[in-house]
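Asks: Below is one structure. I have some questions about it.
The values are calculated or read from the model by the stated rules, or taken from the named source; none is laboratory data. Bear in mind that the values here come from a model prediction, so they are computed numbers and not experimental data. We place every Cβ from the backbone using ideal geometry, glycine too, and count neighbours over all the protein chains shown. Please note that ligands, DNA and RNA were not included when accessible areas were found on the heavy atoms of the full protein model with its side chains. Shrake-Rupley method; radii C 1.70, N 1.55, O 1.52, S 1.80 Å.
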Amino acid sequence: AVTLTITRDLRAQGQVSERALLLTALNSVYAFIAVGVLLSWIAREHALDWRAAVLHPLYLVFGSLLAAAIFAGATLALLRILGRRHDAQFLCVLAMVALAVWAADTLRLSMALMLLAYGVGIRILDRHRLFVALSFGRVGGILLIFLFAMTAARLDWALVPAGALAGGVLIAARAAGKALGIFALAPASGLPLRKASLLTLALMPMSGIAVILVHDTAKFYPQIGPSLAAIVVSAIAMLELLGPLLAHFALVRAGEAAEERQ
């Protein structure tokens, strides 16, 4: 949401802007799948048998993808009836998202992965271009703020000092990981080193999806929920201040903002 908002406000276009948007989306996909797989280690650590450790992540990933495909198909069937009216499509998609969230919670699937796959599925299956461009910026922002507030309200404040320190380490490791991947592949992808460094800064905003992943993990394994929330919420709080400023700086310095291109 932060990356989309900044690129739209600046009307940014170019190598850094396009790669920032692409890598943000890909990073979200990787995060959903990686968390689903890593839950198997958590299951083993909490003395569950090997079948739970192996089958539970598979259920989360493939069950979420299957449910998303079903909801995407049902949505397109409804859009075929409603036509290309913007208001009707907005209400239809909003209702289907609410149903998808309910289904994910009922079936104990990954809500984040299911919703992302739902959006991707609509685009892939929409061969007749039934789906018009919809903006959920304000509604999505309200929901993320609500989720962030509810997660913070459930924090164990005794864990906050250690969580803030671990959150700082998480930010440093996250930035280093992104920089390593970008600089390693920059020559092969035709990206100059200067723009590679700016792209690293443009990827600093931390997605609210991290809060959703914490919520999902705590739902399945409440033993680690408070500690995990203290770390991630601390990291997000710090990056909510620094991330947008760094991303804005990177796109302007890259000369990709509208006023910079004139």
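Asks: Evaluate the stretch 216-228: report whether one residue or more is assigned to a helix (DSSP H, G or I), free of Cβ contacts under 8 Å to residues at least 40 places away in the same chain and either within 22 Å of residue 175 (Cβ to Cβ) or of a type in the set (Lys, Arg) (or both).
Replies: Within the stretch 216-228, one or more residues are assigned to a helix (DSSP H, G or I), free of Cβ contacts under 8 Å to residues at least 40 places away in the same chain and either within 22 Å of residue 175 (Cβ to Cβ) or of a type in the set (Lys, Arg) (or both).
Asks: Go through (1) closer than 17 Å to residue 17 by Cα; (2) in contact with a Leu (Cβ under 8 Å, 6 or more places away or on another chain); (3) at pLDDT 90 or above; (4) surrounded by 18 or more Cβ atoms within 10 Å (Cβ to Cβ) one by one and return the number of the condition residue 171 breaks.
Replies: (1)
Asks: Taking interchain pairs and intrachain pairs at least six residues apart, which have beta carbon atoms under 8 angstrom, with the first residue in the stretch 233-262 and over 26 Å from residue 209 (Cβ atoms) and the second open to solvent by 10 Å² or more (accessible area, probe 1.4 Å) and modelled with pLDDT under 85?
Replies: 255/261
Asks: Of the residues 112, 88, only one is surrounded by fewer than 18 Cβ atoms within 10 Å (Cβ to Cβ), of a type in the set (A, V, I, L, M, F, W, C) and in contact with a helix residue (DSSP H, G or I) (Cβ under 9 Å, 6 or more places away or on another chain); which?
Replies: The unique qualifying residue is 88.
Asks: Only one of 88, 133, 152 is modelled with pLDDT of 80 or more and among the aliphatic types (A, V, I, L, M); which?
Replies: Being modelled with pLDDT of 80 or more and among the aliphatic types (A, V, I, L, M) holds for just one of 88, 133, 152, which is 88.
Asks: So if I check each of 251, 242, which one is modelled with pLDDT of 90 or more, over 30 Å from residue 101 (Cα atoms) and assigned to a helix (DSSP H, G or I)?
Replies: Sole residue among the options that is modelled with pLDDT of 90 or more, over 30 Å from residue 101 (Cα atoms) and assigned to a helix (DSSP H, G or I): 251.
Asks: Quick check on my filter: what residues within the stretch 174-205 are crowded, with 16+ Cβ neighbours inside 10 Å and among the hydrophobic types (A, V, I, L, M, F, W, C)?
Replies: Result: 175, 179, 182, 186, 191, 196, 198, 199, 201, 202, 203, 204.
Asks: Something else about it: Which of the residues spanning the stretch 174-208 are modelled with pLDDT under 90 and either under 15 Å from residue 243 (Cα atoms) or of a type in the set (D, E, K, R) (or both)?
Replies: Hits for the stretch 174-208 are 205, 206, 207, 208.
Asks: Taking residue 9 and the conditions (1) open to solvent by 40 Å² or more (accessible area, probe 1.4 Å); (2) farther than 24 Å from residue 190 by Cα; (3) at pLDDT below 85, which numbered condition does it fall short on, given that it satisfies the others?
Replies: (3)
Asks: Any residue in the stretch 75-87 that's in contact (Cβ under 8 Å) with a residue 12 or more places away in the chain: show its pairings with residues that are aromatic (Phe, Trp, Tyr) at Cβ separation under 9 Å, as long as the two are six or more apart or on different chains.
Replies: Short answer, once both residue conditions are applied: 75/118; 75/131; 76/131; 79/131; 84/131.
Asks: Looking at 58, 78, which one is more than 29 Å from residue 34 (Cβ to Cβ), out of contact with any Lys or Arg (no Cβ under 7 Å at 6 or more places or on another chain) and open to solvent by 60 Å² or more (accessible area, probe 1.4 Å)?
Replies: Going through 58, 78 in turn, just one is more than 29 Å from residue 34 (Cβ to Cβ), out of contact with any Lys or Arg (no Cβ under 7 Å at 6 or more places or on another chain) and open to solvent by 60 Å² or more (accessible area, probe 1.4 Å): 78.
Asks: In the stretch 91-108, what count of residues is obtained for those that are open to solvent by 40 Å² or more (accessible area, probe 1.4 Å), touching a residue at least 40 places away in the same chain (Cβ under 8 Å) and either out of contact with any helix residue (DSSP H, G or I) (no Cβ under 9 Å at 6 or more places or on another chain) or assigned to a helix (DSSP H, G or I) (or both)?
Replies: 2
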